[in-house]
Amino acid sequence: MKFIIAIIKPFKLDEVREALSAIGVAGMTVSEVKGFGRQKGQTEIYRGAEYSTNMLPKVKIEIAAADAIADQVVETITQTASTESIGDGKIFVLDLASATRIRTAETGETAL
C-alpha cells in the first residue's frame, strides 16, 4: 500500500477530486494549509497598504491507495492539478505499513 500526499492550488481541488473518483479512489483527507517554495510568496494590498506574505494558501490531499493504483493516482493528480505555472505543488509517495478500518477491524488493502 502507498500513502500519497499532494499539495495543490486550492481552486484545483474539485477537479482533482472528481478525476480521482473516476479512477476508483474511494476516499481522501483534505486540509487547508499554507506554505512556500520556489514561488516565494506574494504581495497584497490591504486597506491601502502593501504588504508581502511568504506563506501561500494550498490544499493538502492525503490518500491511502493500493499498490496497483498508486501510479495511476499520482498521474491523475499530476495531470489534473497542473496549470503549467510555478506553485502547482508537489506529490509525495510513502510506503504504508498497515491500515485498519475501525468499524470492522479489517486490515491491509481491504481496510481502504
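Each reported figure results from applying straightforward, stated rules to the coordinates on display, with no laboratory input. If you're wondering where the values come from, they're calculated on a predicted model, not measured in any experiment. Neighbour counts run over all protein chains shown; Cβ positions are idealised from the backbone, glycine included.
Between 0 and 90 degrees, rounded to the nearest ten: what's the tilt of helix 13-22 against the longest Cα principal axis of the chain? So the inclination is approximately 20 degrees.
Where does the longest stretch of the chain lie that holds no trypsin sites (Lys or Arg not before Pro) found in a DSSP loop with 13 or fewer other Cβ atoms within 10 Å? Looking at the chain, 48-100 is the longest stretch - no exposed trypsin sites (Lys or Arg not before Pro) with at most 13 other Cβ atoms within 10 Å. Available extension along the chain between Ala22 and Gln72 is 16.9 nm, counting 0.36 nm per residue and deducting the alpha carbon span. For Cα extents along the principal axes in Å, the value computed from the atomic coordinates appears in the list (1) 49, 31, 26; (2) 56, 27, 22; (3) 41, 37, 23 under label (2).
Summing +1 for each Lys or Arg and -1 for each Asp or Glu among the other residues whose beta-carbon sits under 11 angstrom from that of Asp88 gives +4.
The local environment of Leu112, defined by Cβ-Cβ distances under 12 Å, has a net charge of -1 under the rule Lys, Arg +1 and Asp, Glu -1. List the relative contact order of the range 2-111 as a percent without decimals, with contacts defined as Cα pairs under 8 Å and 6+ residues apart. The value is 41 percent. The length gained by stretching the chain between Arg38 and Phe92 to full extension, at 0.36 nm per residue less their Cα-Cα distance, is 17.8 nm. Net charge in the neighbourhood of Ile4 (other residues with Cβ under 15 Å of its Cβ; Lys, Arg +1, Asp, Glu -1) is -2.
Dipole orientation for the chain: of the candidates Ala111, Phe3, Val33, Val33 has the Cα lying most toward the positive pole (charges on Cβ; Lys, Arg +1; Asp, Glu -1). Collect residues whose amide H, placed 1.01 Å from N in the peptide plane, falls under 5 Å from the amide H of Gly35; neighbours closer than 5 in sequence don't count. Amide H neighbours of Gly35, under 5 Å, 5+ apart: Leu56, Lys58.
Write out the GluC sites (Glu not before Pro) in the range 46-96 meeting two conditions: DSSP loop, and at most 16 other Cβ atoms within 10 Å of their Cβ. Each step should come with its number before you reach the end.
Details: sites: Glu50, Glu62, Glu75, Glu84; in loops: Glu84.
Counting only loop positions with at most 16 other Cβ atoms within 10 Å, the GluC sites (Glu not before Pro) in the range 46-96 are Glu84.
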